[in-house]
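Here the structure comes first, spelled out in structure tokens, and everything after it is commentary.
The values are calculated or read from the model by the stated rules, or taken from the named source; none is laboratory data. Because the structure is predicted, anything quoted here is derived from the model rather than measured. Cβ sites come from the backbone with ideal geometry, for glycine too, and all protein chains shown count toward neighbours. In case anyone asks, the SASA skips ligands and DNA or RNA and just uses the protein heavy atoms, side chains included. Shrake-Rupley method; radii C 1.70, N 1.55, O 1.52, S 1.80 Å.
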Amino acid sequence: MAIAEPIPLVDLRAQYLALKDEIDAAVARVLDSGWYILGQEVRAFEAEFAAFCQPPDGAAPGCVAVNSGTDALHLALRACGVQPGDQVITVSHTAVATAAAIQLAGATPVFVDVDPETCTLDPKALADAVGPQTRAIVPVHLYGHPADLAPILAIAREAGIPVIEDCAQAHGAQYRGRPVGTWGDLGCFSFYPTKNLGALGDGGAVIGRDPELVERVRLLREYGWTPSSRYVSQVPGLNSRLDEIQAAILRVKLRHLRAWNEKRRELAAHYRTHLPAWVHRPVERPDSTHVYHLYVVRVPQRDRVQQHLRAKGIGTGIHYPVPVHQQPAYQAGAQVAHPLVHTERLAGEILSLPMHPMMTPTQVEQVATALADALPTIQS
Ligand SMILES: *Cc1c(COP(=O)(O)O)cnc(C)c1O
């Protein structure tokens, strides 16, 4: 039996329509202003996003809005002094953007394995991989679950190496009661439309507690110009400016982010109670708050399960089908610290189920029922 209405993996149009009047008014305000790049909307968004990331026990971080999450990571790495020839440790089980940013900075990605339960950087694997050429560590808060930051930061401090958090999938996630992005030296966010906070185009941001480091990112964002040295570059930079229209849209959506994250957590709890027992559910470590950018289960015979759901009108995804170290572009240019056993196994088992803040509990139940119906298929 097919379900009445298809259930998509994400529904960006529904999210827009839910806020259509506010978003249209924000866009109109910018169009009318005559100022389209790096203006008051971007400045206001930077302050508001920094406030969103403020830890309960400290000041709001500094914030620089940039053109994408990839740029956020690239500029953060450069601001931390990463140079051509350096090595940067990260995971292979991530969006390729993490590795692309490291290469943009001229460095070589060195991949370590992940913890198979949280799918984030395994601190035990990290300890063995740090070497004399390591210049930075980039843990990824994949799917919205924080990496185990305390041991990662301890290893980094011991070695005197900066930590740059890839928070592209984890806006609002918390580790030990403090938001991700405020633990490491810099935190990097993406506002790609599907992310928990998404623009209607590209966008990104870097946050950090050290004002000097944050200012270095700001300099790199626009050709190395300072406010008093426009058109005269102090350092070699690039153009990673954010549009005023995107900033104005992000300001509207930011006001809903906490409620949307809460909705994602409720849907995840609903999945947890309704999914059949043979479906391996994502974990949430007791010291962490997961924001379920993606709801990723593990199943046997994944491709057949995915095909079964597709036939019933249920959209799924695989994040990601080929680990970065096995992709053609990175087979030669990257290094692997040790056999990536968990990374390679996960790629064949993971399946992202529909998850977005406009989804209903009934739809979650329909997905769960469709999965239960898949059992004969995978046993045959
Ligand atoms: C989306 C994403 C990025 C890159 O962000 P863009 O805005 O698409 O450049 C980086 N890292 C991870 C883990 C992501 O999911």
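Need one number: nm distance between label points at residue 338 and residue 228, each 7 Å from Cα along Cα→Cβ, rounded to one decimal.
Label-label distance for residue 338 and residue 228, simple model: 5.1 nm.
Using 0.36 nm per residue of separation minus the Cα-Cα distance, give me the extension gain between residue 13 and residue 35 in nm, one decimal.
Numbers: separation 22, 0.36 × 22 = 7.92 nm, distance 2.69 nm.
Here the answer is 5.2 nm.
At 1.4 Å probe size, put 352, 33 in order of accessible surface, largest to smallest. Walk me through the numbers before you get to the answer.
Numbers: 352 0, 33 70 Å².
Largest accessible area first, the list is 33, 352.
To the nearest 20 debye, what is the magnitude of the charge dipole of region 199-267 about its Cα centre, counting +1 on the Cβ of each Lys and Arg and -1 on the Cβ of each Asp and Glu?
Details: 13 positive and 9 negative charges, 60 e Å.
Roughly 300 debye, rounded to the nearest 20.
Could you report the chain's accessible area per residue, 1.4 Å probe, as an integer in Å²?
Details: 15410 Å² over 380 residues.
Ligands and nucleic acids excluded, the result is 41 Å² per residue.
Kindly rank 84-91, 244-251, 51-58 from highest to lowest mean number of other beta carbons found within 10 Å of each residue.
Details: 84-91: 21.0, 244-251: 24.1, 51-58: 13.6.
Averaged packing, sorted descending, gives the order 244-251, 84-91, 51-58.
Taking a ≥ b ≥ c as the square roots of the Cα gyration tensor eigenvalues, with a/c under 1.5 meaning rounded and otherwise prolate when a/b beats b/c, else oblate, which class fits region 262-334? Numbers along the way, then the final one.
Numbers: a/c = 2.30, a/b = 1.33, b/c = 1.73.
Because a/c hits 1.5 or more and a/b fails to exceed b/c, region 262-334 counts as oblate.
So what is the calculated 222 nm ellipticity per residue for the chain, using -39500 (n - 2.57) for each DSSP H run with n of 4 or more, over all residues, to the nearest 500 deg cm²/dmol? Can you show the working numbers first?
Details: 14 runs with 153 residues, N = 380.
Taken over the chain, the calculation gives -12000 deg cm²/dmol.
Could you work out the relative contact order of the chain? I mean the mean sequence separation of Cα pairs under 8 Å and 6+ apart, divided by the number of residues, in percent.
On the way: 808 pairs, mean separation 87.5, N = 380.
Relative contact order, the chain: 23 percent.
Could you give the dipole magnitude of the chain about its Cα centre, charging the beta-carbon of Lys and Arg +1 and that of Asp and Glu -1, in debye to the nearest 20?
Numbers: 33 positive and 38 negative charges, 58 e Å.
For the chain, the charge dipole is close to 280 debye.
Run the reach check for residue 253 against aspartates and glutamates, Cα to Cα strictly under 19 Å, same-chain hits fewer than 8 apart removed. What comes back?
The qualifying aspartates and glutamates are 11, 21, 22, 24, 41, 46, 48, 202, 243, 244, 262.
Quick one: putting +1 on the C-beta of Lys and Arg, -1 on the C-beta of Asp and Glu, what dipole do you get for region 97-203 around its Cα centre, in Debye to the nearest 20? Spell out each step's value before the answer.
Details: 6 positive and 11 negative charges, 55 e Å.
Its charge dipole is roughly 260 debye.
Ranked highest first by the average count of other Cβ atoms within 10 Å around their residues, in what order do 262-269, 42-49 fall?
Details: 262-269: 17.5, 42-49: 19.4.
The peptides rank, most packed first, as 42-49, 262-269.
Taking the highest mean first, how do the peptides 328-336, 290-298 order by number of other beta carbon atoms within 10 angstrom per residue? Intermediate results must be reported in sequence, preceding the final value.
On the way: 328-336: 13.6, 290-298: 23.6.
Most protected by this proxy first, the peptides run 290-298, 328-336.
Indicate the gyration tensor shape class of region 256-379 (rounded, prolate or oblate), computed on the Cα atoms with a ≥ b ≥ c the square roots of the eigenvalues: a/c under 1.5 is rounded; otherwise a/b larger than b/c is prolate and the rest oblate. Mind showing how you got there, number by number?
Working: a/c = 2.02, a/b = 1.33, b/c = 1.53.
Here region 256-379 falls in the oblate category.
Tell me, how many Å apart are the Cα centres for region 21-79 and for region 292-318?
Centre-to-centre (Cα) distance: 34 Å.
Residue 304 to residue 59: FRET efficiency via 1/(1 + (r/R0)^6), r the Cβ-Cβ distance, R0 51 Å, to the nearest 0.05?
Working: r = 52 Å, r/R0 = 1.01.
So the FRET efficiency works out to roughly 0.50.
Positive end of the dipole of the chain, charges at C-beta (+1 Lys, Arg; -1 Asp, Glu), about the Cα centre: which of 133, 145, 188 has its Cα farthest in that direction?
Final value for the positive-end residue is 145.
With the Cα gyration tensor of the chain giving a ≥ b ≥ c as the square roots of its eigenvalues, does the rule (a/c under 1.5 for rounded; else a/b larger than b/c for prolate; else oblate) give rounded, prolate or oblate? It would help to have the intermediate numbers written out before the result.
Numbers: a/c = 1.95, a/b = 1.24, b/c = 1.57.
Cα axes put the chain in the oblate bin.
Using a 7 Å offset from the Cα along the Cα-to-Cβ direction at both residue 159 and residue 24, what is the distance between the two label points in nm, to one decimal?
For residue 159 paired with residue 24, the spin-label model returns 5.3 nm.
Give a residue-ordered list of calculated ³J(HN,Hα) values for region 217-234 (Karplus: 6.51 cos²θ - 1.76 cosθ + 1.60, θ = phi - 60°; whole Hz; x for Gly, Pro).
5, 4, 5, 5, 4, 9, 6, x, 7, 9, x, 8, 10, 4, 6, 10, 7, 8
Using a 1.4 Å probe on the protein chains only, how many percent of the accessible area of region 15-254 belongs to carbon and sulfur?
Numbers: 4540 of 8710 Å².
The C+S portion of the solvent-accessible surface of region 15-254 is 52 percent.
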